[in-house]
Amino acid sequence: MRRMLTMLAASAALAACQQADEVAAPATPASDSGAVATPTGAPDGDTPAPAVNAPASLVGEYRVAGIDGTEVGGQIGIALSITEESIFYDPRCAGLEWTYTYGNGALTTERPADAPVCEIAVHPEKQRLAAALDAVTRAERTPSNGIELTGGGHSVTLFSQ
């Protein structure tokens, strides 16, 4: 039985490689041991395969188009910068800067403890963006070639400047 499942899995993997434009079939049990393959093809507990729509890099200058599924309000525009090490927007001295790690669509953000601090009023939309960036864990390309950061019940939609 296991030999047949192994042969079927190998055939399915080969067919998936040859038909990249088709949607992958739902995962099936990997063996009689109870381990189930995830939709990415990795068994539970293993590192998932790269997300299909994940951008190779996040580095760039962006316009924030949406926060948590709604357009940026307050008749302001927010420009977001992402370098190799950090994500930030003005006023940076108000703590609007994060260090991050990114790979295969997985994203972690953290505000540096030693960031400079200034006493300045921050627009409510910029505060809303900060809350979303504190929570995001994933990056994907949108159908309109933007980037959507999601996680923790939040989302941020970005477009290149």
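The values are calculated or read from the model by the stated rules, or taken from the named source; none is laboratory data. Nothing here was measured: the structure is a model prediction, and the numbers come from that model. With ideal geometry, Cβ positions are generated from the backbone for all residues, glycine too; neighbour counts draw on all protein chains shown. SASA here: full protein model, heavy atoms, side chains in, ligands and nucleic acids out. Shrake-Rupley method; radii C 1.70, N 1.55, O 1.52, S 1.80 Å.
Looking only at residues in region 143-152 that are out of contact with any Phe, Trp or Tyr (no Cβ under 9 Å at 6 or more places or on another chain) and closer than 15 Å to L107 by Cβ, which one is surrounded by the most Cβ atoms within 10 Å (Cβ to Cβ)?
Step by step, filter region 143-152, then rank; the result is L149.
Considering region 117-136 alone, what residues qualify as being open to solvent by 80 Å² or more (accessible area, probe 1.4 Å) and part of a loop (DSSP other than H, G, I, E, B)?
Passing the criteria: V117, E119, I120, A121.
From the list T70, T99, which residue is surrounded by 14 or more Cβ atoms within 10 Å (Cβ to Cβ) and closer than 25 Å to A51 by Cβ?
Being surrounded by 14 or more Cβ atoms within 10 Å (Cβ to Cβ) and closer than 25 Å to A51 by Cβ holds for just one of T70, T99, which is T99.
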